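Novice: Supplied in structure tokens, the structure appears directly below.
The values are calculated or read from the model by the stated rules, or taken from the named source; none is laboratory data. As the structure is a prediction and not an experimental result, all values here were calculated from the model. We place every Cβ from the backbone using ideal geometry, glycine too, and count neighbours over all the protein chains shown. Ligands, DNA and RNA are stripped out before the accessible areas are found, and what is left, the full protein with its side chains, is counted by its heavy atoms. Shrake-Rupley method; radii C 1.70, N 1.55, O 1.52, S 1.80 Å.
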Amino acid sequence: MEGLSSKLEPPNHGNLITILSIDGGGIRGIIPAVMLEFLESQLQKLDGEEARLADYFDVIAGTSTGGLITAMLTAPNDKTRPLYAAKEITPFYLEHSPKIFRQPRYGIFGSIGTLMKLLSGPKYDGKYLHNLVKELLGQRRLHQALTNVVIPTFDIKNLQPVLFSTYMVPVAKELDVLLSDICIGTSAAPTFLPAHHFENKDDQGNVKEFNLIDGGIAANNPSLVAISEVTKQIVKSNPNFFPIKATDRERLLVISLGTGSDKVEQLYNAKSAAKWGIISWLFDNGNTPLLDAFNQSKADMVDFHNSVAFQAYGSLDNYLRIQDDTLKGVSASVDVATTENLANLVTIGKALLKKPVSRINFDTGRYQPIPNGGTNEEALIRFAKLLTEEKSRREQYRTNRSD
């Protein structure tokens, strides 16, 4: 299969199709990074220290900051192994976030300066991020990812989503772009970072132009996009999926990691929003109401859809969504990269491991614990066991076929 890790046999050699999804959220990417470190550590307990997440998932999907994490987990090093282990992602954020999101001066003059900058351009110039990502990923292209990846972006010129999927590369060579360009594009959040323009040639020499902004515009929670990409392969009769059916939802195993949100302080209300003009919708007391509402509503709708669909097929235990909707103050921001806040996000991530497995209640919009569902930590331990069993099952199939 195109882009598939040599460590993982195709899905038709086992029982499950394994999907990992990581939301967008700027510096809040630290929260899923903590989850990923724990999950990979459990895989290593079962299969050895060299085990990496890319060895176990058929697809890893990520939006914005989740897209960067996806690239870090799947881009090959010079030994054709993942460029980063999961335990290295949080230190990466702690080191580089303050330089990507340089904090403005405090006080009235700092606030006025920030507002004036937002009126004339993005809050950050993106130069440090762009140079960092280009240095990190070099000339590696989409097809080189060690397992299939799905990273949403949005083309502002054509006003349509652009999905960078390894599944699409064999028939759409123009999408086989540099991973660095994908990461810069998917993280180009409006008002925060500049849009990203680049061109790419297909194998016939035809030039494709891209004008990309934040993938969150298309899918801040990319789990449903990843499921759709898998379903397309089944519908197209990809031999690596036969005899799986498009309706075999019980054969999907999905881990979807959120980056947290603030539904506790209730920062906005209709009384105040009724008076807002365009500036207030984009920037209100350090917050971004329009982007917050846009991204959160889509993420919740995807989670609600997944929960209902998995339940309808009697496979709800195969779907794990980990999200914390109790963030407060600066911890809910995407760019307050102070030492204190970054350390607090690590603490929040570790605390989230100990919290009960929860699912969204669409009536209230809040996450509620599942009766007898255990903790997120316990759920990840269970999923690690399922992942190692699936990998072993596929390897045994290959052994039996060769015999």
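Novice: Being under 21 Å from the mean Cα position of the chain (by Cα), surrounded by fewer than 21 Cβ atoms within 10 Å (Cβ to Cβ), at pLDDT 95 or above and within 17 Å of Pro32 (Cα to Cα) is the requirement here; does Ala61 meet it?
Specialist: no
Novice: Hey, another quick one. For region 357-373, what are the residues that are in a loop (DSSP other than H, G, I, E, B) and either in contact with a Cys (Cβ under 9 Å, 6 or more places away or on another chain) or of a type outside the set (A, V, I, L, M) (or both)?
Specialist: Result: Phe362, Asp363, Thr364, Gly365, Pro371, Asn372, Gly373.
Novice: So which residues in region 167-191 are among the charged types (D, E, K, R), modelled with pLDDT under 95 and buried (at least 21 other Cβ atoms within 10 Å of the Cβ), if there are any at all?
Specialist: Answer for region 167-191, where residues must be among the charged types (D, E, K, R), modelled with pLDDT under 95 and buried (at least 21 other Cβ atoms within 10 Å of the Cβ): there is none.
Novice: Just to be sure, is Leu46 of a type outside the set (S, T, N, Q), within 20 Å of Ile348 (Cβ to Cβ) and either out of contact with any Phe, Trp or Tyr (no Cβ under 7 Å at 6 or more places or on another chain) or not in a strand (DSSP E or B) (or both)?
Specialist: no
Novice: Considering only residues that are among the hydrophobic types (A, V, I, L, M, F, W, C) and farther than 30 Å from Phe241 by Cα, look in region 361-398 and name the one that is most open to solvent (accessible area, probe 1.4 Å).
Specialist: Phe362
Novice: So Asp181 fits all but one of (1) of a type in the set (D, E, K, R); (2) part of a helix (DSSP H, G or I); (3) out of contact with any strand residue (DSSP E or B) (no Cβ under 6 Å at 6 or more places or on another chain); what number is the exception?
Specialist: (3)
Novice: Turning to a different aspect of this structure: Inspect all residues belonging to region 269-278 and state whether any of them is open to solvent by less than 80 Å² (accessible area, probe 1.4 Å) and either in contact (Cβ under 8 Å) with a residue 40 or more places away in the chain or under 30 Å from His13 (Cβ atoms) (or both).
Specialist: Checked against the condition, which is being open to solvent by less than 80 Å² (accessible area, probe 1.4 Å) and either in contact (Cβ under 8 Å) with a residue 40 or more places away in the chain or under 30 Å from His13 (Cβ atoms) (or both), region 269-278 yields no hits at all.
Novice: Does Asp317 satisfy the criteria of being modelled with pLDDT under 90, of a type in the set (Asp, Glu) and at negative phi?
Specialist: Spelling it out, it is not the case that Asp317 is modelled with pLDDT under 90, of a type in the set (Asp, Glu) and at negative phi.
Novice: Condition first: crowded, with 22+ Cβ neighbours inside 10 Å and in a loop (DSSP other than H, G, I, E, B). Now tell me which residues in region 117-166 satisfy that.
Specialist: Once the filter is applied, which keeps residues that are crowded, with 22+ Cβ neighbours inside 10 Å and in a loop (DSSP other than H, G, I, E, B), region 117-166 yields Ala145, Leu146, Thr147, Thr166.
A quick yes/no check of all residues on (1) under 20 Å from Ser256 (Cβ atoms); (2) buried (at least 19 other Cβ atoms within 10 Å of the Cβ); (3) in contact with a Ser or Thr (Cβ under 7 Å, 6 or more places away or on another chain):
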residue	(1), (2), (3)
Gly14	no, yes, no
Ile17	yes, yes, no
Ile22	yes, yes, yes
Gly29	yes, yes, yes
Ala75	no, yes, no
Ala86	yes, yes, no
Thr90	yes, yes, no
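Novice: Can I ask one more? Taking the criterion of being closer than 25 Å to Gln323 by Cα and at pLDDT 95 or above, would at least one residue in region 259-268 satisfy it?
Specialist: Within region 259-268, one or more residues are closer than 25 Å to Gln323 by Cα and at pLDDT 95 or above.
Each row is one residue, and each column tells you yes or no for (1) in contact with a strand residue (DSSP E or B) (Cβ under 6 Å, 6 or more places away or on another chain); (2) among the charged types (D, E, K, R); (3) closer than 20 Å to Thr18 by Cα; (4) not in a helix (DSSP H, G or I).
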site: Pro170; (1), (2), (3), (4): no, no, no, yes
site: Gly185; (1), (2), (3), (4): yes, no, no, no
site: His197; (1), (2), (3), (4): yes, no, no, yes
site: Asn200; (1), (2), (3), (4): yes, no, no, yes
site: Ile227; (1), (2), (3), (4): no, no, yes, no
site: Val254; (1), (2), (3), (4): yes, no, yes, yes
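Novice: Name the residues in region 218-234 that are open to solvent by 40 Å² or more (accessible area, probe 1.4 Å) and closer than 21 Å to Ala71 by Cα, would you?
Specialist: Across region 218-234, the qualifying residues are Leu224, Ser228.
Novice: Among the residues of region 311-360, which ones are small (Gly, Ala, Ser) and open to solvent by less than 40 Å² (accessible area, probe 1.4 Å)?
Specialist: Hits for region 311-360 are Ser315, Ser331, Ala332, Ser333, Ala337, Gly349, Ser358.
Novice: Related question: Cβ-Cβ distance below 9 Å, separation of 6 or more or different chains: which pairs start in region 40-55 with a residue that is farther than 20 Å from Ile69 by Cα and end on one that is in a loop (DSSP other than H, G, I, E, B)?
Specialist: Going by the 9 Å Cβ cut-off, the qualifying pairs are Lys45/Ala51; Asp47/Tyr56.
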